[in-house]
Amino acid sequence: MSVEMKRTKKSKEPLIRTVKRTELSGQKAVLLRIAALLAALVAGGIFILAIGYNPVLVYKTMISGAFRSKLAFQGTVKVLIPLLITSLGVTLAFKMKFWNIGAEGQLIMGAVFASYFALFHDTLPHWILMILMVLGGMLGGGLMGLLPAYFKSKFNTNETLFTLMLNYIALNFVVYLREGPWRDPNSPGYAKIARFSKNAQLDKVFGIHAGWIIAIVILIFVSIYLYVTKRGYEISVVGESQATAKYAGMNVKKIVLRTMFLSGGICGIAGMIEASGSAVTLTSGIAGGVGFTAIIVAWLGGLNPFYIFIVASLFSIMEKGSSVVESTFGLSGACADVLQGIILFFVLGCEFFVRYQFVTRKERGARA
Amino acid sequence: MSMLIKFIAVSIASGTPILFGTLGEIITEKVGHLNLGVEGMMAIGACAGFMVGMSTDSFLLALLAAFAAGAFAALIYAVLTVTFMANQNVTGLTLTIFGVGFANFCGYYAIGKSESGTLKLPENITAQMRNINIEGLSDIPVIGPLLFSYNPFVYIGIVTALLLWFYLRRTKTGLNTRAIGENPAAADAAGIKVTKWKYINICLGGGICGIGGAYTIMIINKGVWISDCVGGLGWIAVALVIFAGWSPVKAIFGSFIFGALRQLKYYVPAAITIPGAFYDMLPYLITTIVLIATSIRTSREKSQPEACGTNYFREER
């Protein structure tokens, strides 16, 4: 006893240590995140100030740039559509703690499958073609999601690394199609895939391609799926603890496969929309990093479809607005990426304070 | 024959930026942190190395700046994932988006300030970056071009890899490092300062990635600034970590193979018509197969450190 006492006296307790705290109330947690967002904007502002520009003016231009005209607003929504859908797609996987980093590849494969119908079956009636393209997109993305899920459930293959590799396999597959079998013979210069015919393009509704309607449908679907259905409940149980899920008699393997097919499938639909509504062809830049940004959006939104919608909107405004900042101030359009990065760094940091707190040596002594 | 030698020499040089990224990622993963920000850290390293190189005209200072900038970027990651226990995948991806964006932003800004509208490294520093030419040695047939004909980065990369191997396999701190990656709680109980070593290794890894970034701008782009200069090499580096089975020495040979794959399409006889995209896909395809194969054989030796991807909180057991 006495020896032990001596020993504990000798070893000093660290000055600051981390302890878990009881979960913050929802309102406080939201306030904390808003504070982090503001802090990030201030930090970004200091950076802008440091290079000799007026941060308030830059931010103002960014926001007004996203809304200043009907055309600008439509542009913002066009950025939002794929980002929102893909974020919702990865959310399903993330809820299950399946680290699907492969949204980019799933989106591309969805676009490839949809493009097949657009390029080679464009004589079908418009509505049938559209439905086939959506289903094709879903199948393409879904299979891309299913592959790592199969190996994960069978051999415990690391899904983070597997899905990451699939992104680049899918990307190079598009390059192959572009330079090989799907190359447009009417384009004598550089290799590209032919533009879709009018019949294979998404209709415009209120001036924006109908992808926004699909996005809203998916937003509602994912919300219901996650919070109302039994399957959504199963996802969260598997995410919390596979052992619990097994004990409760759930078929974990089946749930993982099904959810990953759905997760990839939703990302694939985003690919179909991008190909058919936005690019009107299949390009190697069809995903353009959306798959990666979506992961960040899903995480920032706390895997909650409603918050994801808000965060995705915010990111789209920054993306669109920074192109106006580029033309107005001569600052690179990459400032959206920088700002998004800073915001996320701050929010990731603040998440910590939702769950934990620091206590100093003194405080702790007083408490004990 | 001379074609073959040239191919090997080009492959080795071409694999070098990947080697740096891989080495940085290996020691990061060895302490249990999967940092998907390799691409971003390389971009920041490239930017800092380039800017310092341009203003000081010193190759050494440029390398140091690249290292420091990469390490600083990794420090952001370390603060968020080690101290604030944020999700590693998300933090790493953010670092990539932020890093690439930041580098492009700075480059664009500097071009706007420059008079000529282009940014180019001065003559003195480019002379130092050139392939070495040792009187007598470099002229020996076969051996000369294969051993004594590279730019300095190649030698730095190989030496770094060997040093890391020594560090991880032959020193006590290296053993401690590996223990942290496998089981941080056990390492903590054994008296290893988990947090401290996580920070040191992650920052060191980021610095090494930064030097790889400097390679992309100084050698691949011949010292002329372009946007997105890393161009996805960081992701190939992450793939190579798996291919090399988390071993720095195997990473050397792996980087030669990946470098060869990157160059193969320029050397294949015209009679063989394999689509060019296939060569670009190969590194990822091979890595995927290796990933699946190691998971099927459940080989402990060649797999990711056990605790990689999960943060360690001392009071959570």
Going through the DSSP H helices of chain B, which span 24 Å or more along their own axis at the Cα atoms while scoring at least -1.0 as a mean Kyte-Doolittle hydropathy? B:2-30, B:38-56, B:59-78, B:88-113, B:152-170, B:194-215, B:248-267, B:276-297
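If each residue of separation counts as 0.36 nm, what is the full-extension length gain between A:Ala243 and A:Val30 once their alpha-carbon separation is subtracted?
Answer, rounded to one decimal: 73.5 nm.
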For each of B:Tyr215, B:Tyr284, A:Tyr227, count neighbouring Cβ atoms within 10 Å of the residue's Cβ, then give the residues from fewest to most. A:Tyr227, B:Tyr284, B:Tyr215
Based on the Cβ-Cβ distance from A:Asp184 to A:Leu124, what FRET efficiency comes out when R0 is 25 Å, to the nearest 0.05? 0.75
Nearest-0.05 FRET efficiency for B:Ile200 and A:Leu41, computed from C-beta distance (R0 30 Å): 0.40
Over the Cα atoms of the range A:130-192, how large are the radius of gyration and the largest Cα-Cα distance (Dmax), in Å? 15.5, 47
Quick check on the protein assembly as shown: what are the equivalent-ellipsoid semi-axes from the Cα gyration tensor, as sqrt(5λ), descending, whole Å? 36, 35, 27
Per the Debye formula with a single identical scatterer at each Cα and no solvent contribution, what log10 I(q)/I(0) holds for the range A:54-330 at q = 0.09, 0.15, 0.16 Å⁻¹? -0.43, -1.09, -1.19
Among A:Val338, A:Val290, A:Val58: highest mean-square fluctuation, GNM of chain A, C-alpha pairs under 10 Å: A:Val338
Full extension between A:Leu49 and A:Gln74 adds, at 0.36 nm per residue less the Cα distance, a length in nm of 5.9 nm
Overall Cα dimensions of the range A:178-292, principal axis frame, Å, largest first: 62, 36, 23
So what's Rg/Rh here for the range B:96-209, counting alpha carbon atoms and using the Kirkwood radius for Rh? 1.15
Under a straight-distance cross-link criterion of Cα-Cα below 20 Å, which aspartates and glutamates are reachable from B:Lys172, leaving out those fewer than 8 residues away in the same chain? B:Glu29, B:Glu182, B:Asp188, B:Glu301, B:Glu306
Please give the Cα centre distance for the range A:243-283 versus the range B:49-96, rounded to the nearest Å. 34
More than 28 angstrom apart: percent of Cα pairs within the range B:2-297: 39
17 Å reach of a label modelled at A:Arg355, 7 Å along Cα-to-Cβ, counting backbone N of the range A:287-327: A:296, A:298-304
Can you give me the distance in nm between label points at B:Asn131 and A:Ala191, each placed 7 Å from the Cα along the Cα-to-Cβ direction? 2.9
Label zone at B:Asp57 (point 7 Å along Cα-to-Cβ), backbone N below 15 Å, the range B:126-161: B:126-129
18 Å Cα-Cα reach of B:Lys113 towards aspartates and glutamates, excluding residues that sit fewer than 8 places from it in its own chain: A:Glu326
Considering every pair of different Cα atoms, what Kirkwood radius, in Å, is found for the range A:85-204? 15.5
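To the nearest 0.05, what FRET efficiency results for B:Ser227 and A:Asn304 with a Förster distance of 45 Å applied to their C-beta separation?
So, using R0 = 45 Å, E works out to roughly 0.80.
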Too long for a 31 Å Cα-Cα cut-off, among A:Lys20/A:Lys78; A:Lys253/B:Lys265; A:Lys152/A:Lys230; A:Lys152/A:Lys320; A:Lys154/A:Lys320, are A:Lys20/A:Lys78; A:Lys253/B:Lys265; A:Lys152/A:Lys320; A:Lys154/A:Lys320
Going by alpha carbons, how many degrees (0 to 90, nearest 10) lie between the helix axis of A:211-227 and the longest principal axis of chain A? 40
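Where a number appears in this text, it was derived from the coordinates with a stated rule and is not lab data. This is a predicted model, so every value here is computed, not measured. Cβ coordinates were reconstructed from backbone atoms using ideal geometry, including for glycine residues, and neighbour counts include every protein chain displayed.
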